[in-house]
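Novice: I'd like to ask you about the structure that follows.
The values are calculated or read from the model by the stated rules, or taken from the named source; none is laboratory data. The model shown is predicted, which means the values in this text are computed figures rather than measured ones. Cβ placement follows ideal geometry from the backbone for every residue including glycine, while neighbour counts extend to all protein chains displayed.
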Amino acid sequence: MLKKDRAVCLRKTDYSETSQVVTLLTRSFGKVPAMAKGAKRAKSPFDGPIEIFSCGDIVFSPAASQKLATLTQFEQKPVFIGLRSRLYNLNCAFFAAELLDKFTHDYDPHPELFDSFTQFLTDIQNIKNDFEALALLIIFQLTLLSDIGTKPVLSACTSCKTPFNENWPYVYFTSLANGIVCRDCEQAFTDKIRLSKHAAACLNDLKHLPRANEKTLNEIEKVLIYHFTELLGKPPRMAGQFIKK
Ligand SMILES: [Zn+2]
């Protein structure tokens, strides 16, 4: 039976001279891997070839398990064309798309995450400098972790539950315990990374993020990349673009 939904393309590969295999994030059905037959023909029911971040209304017929759905229509809306005007912003968007693809399952709907992602893409295309774009990426990455049920504990020591306050002399992040740990507990966590006070304060209260300096934002992104690497068992492909040497 045909289904209708809104979708954003997360991934695309050429299947043949004229067809594409695409991974679409839909609002109501979650992630849908689909075959778009004839997508690269001059006249196709998809408004031309499908690119990453192509967005609009789709019609598709879901497949039996482990197979590709068949995309029958894609009415593309040019909502994210501004993304390609700054390379850094585009890389942030690619990173977010990669993480969505890796951390969500097919046909597992997360409508709020779909909304957060499209809002993130809308906002980031108007950003004029790298650190503001990075702040948006960090907020989206934390939203993603929270939405998939692995929200890091950033307001208290995950071990002894002491609430974080800015007088803690040292703060550490541990991927193993999915959050911060205090100085009294850190010895039990061999994978810990020490956080600067600024980074810990920003993570504790995300309202500080938009005012954080570039160094703090880079530090937080480094911690998140480390965390995603631990969760995935290997570094995300886009991570290399964000590790400052
Ligand atoms: Zn503790």
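Novice: Go through the stretch 86-139 and give me each residue that's of a type in the set (D, E, K, R) and either in contact (Cβ under 8 Å) with a residue 60 or more places away in the chain or assigned by TED's automatic domain parsing to the domain that holds LYS12 (or both).
Specialist: Answer for the stretch 86-139, where residues must be of a type in the set (D, E, K, R) and either in contact (Cβ under 8 Å) with a residue 60 or more places away in the chain or assigned by TED's automatic domain parsing to the domain that holds LYS12 (or both): GLU98, ASP101, LYS102, ASP106, ASP108, ASP115, ASP130, GLU132.
Novice: Would you mind telling me which numbered condition in (1) within 25 Å of PRO235 (Cβ to Cβ); (2) part of a helix (DSSP H, G or I); (3) touching a Leu at 6+ places or on another chain (Cβ under 8 Å) ASN91 fails?
Specialist: Every condition holds for ASN91 apart from (3).
Novice: Can you tell me which residue in the stretch 186-220 is farthest from the chain's Cα centre (by Cα), limited to those that are within 16 Å of the ligand (Cβ to nearest atom) and of a type in the set (Asp, Glu)?
Specialist: The selected residue is GLU186.
Novice: Among the strands (runs of 3 or more DSSP E) lying completely within the stretch 145-245, list those that include at least 3 residues that are at pLDDT 95 or above and buried (at least 17 other Cβ atoms within 10 Å of the Cβ).
Specialist: 171-174, 179-181
Novice: Within the stretch 9-38, which residues are closer than 15 Å to THR72 by Cα and of a type in the set (A, V, I, L, M)?
Specialist: Those that are closer than 15 Å to THR72 by Cα and of a type in the set (A, V, I, L, M): VAL21, VAL22, LEU24, VAL32, ALA34, MET35, ALA36.
Novice: Can I ask one more? Conditions first: (1) more than 16 Å from the ligand (Cβ to nearest atom); (2) assigned to a helix (DSSP H, G or I); (3) not aromatic (Phe, Trp, Tyr). ILE127 passes all but one, so which condition is the exception?
Specialist: (2)
Novice: Considering the stretch 137-185 alone, what residues qualify as being within 10 Å of the ligand (Cβ to nearest atom), closer than 27 Å to LEU100 by Cα and of a type in the set (Ser, Thr, Tyr)?
Specialist: Answer for the stretch 137-185, where residues must be within 10 Å of the ligand (Cβ to nearest atom), closer than 27 Å to LEU100 by Cα and of a type in the set (Ser, Thr, Tyr): THR158, TYR172.
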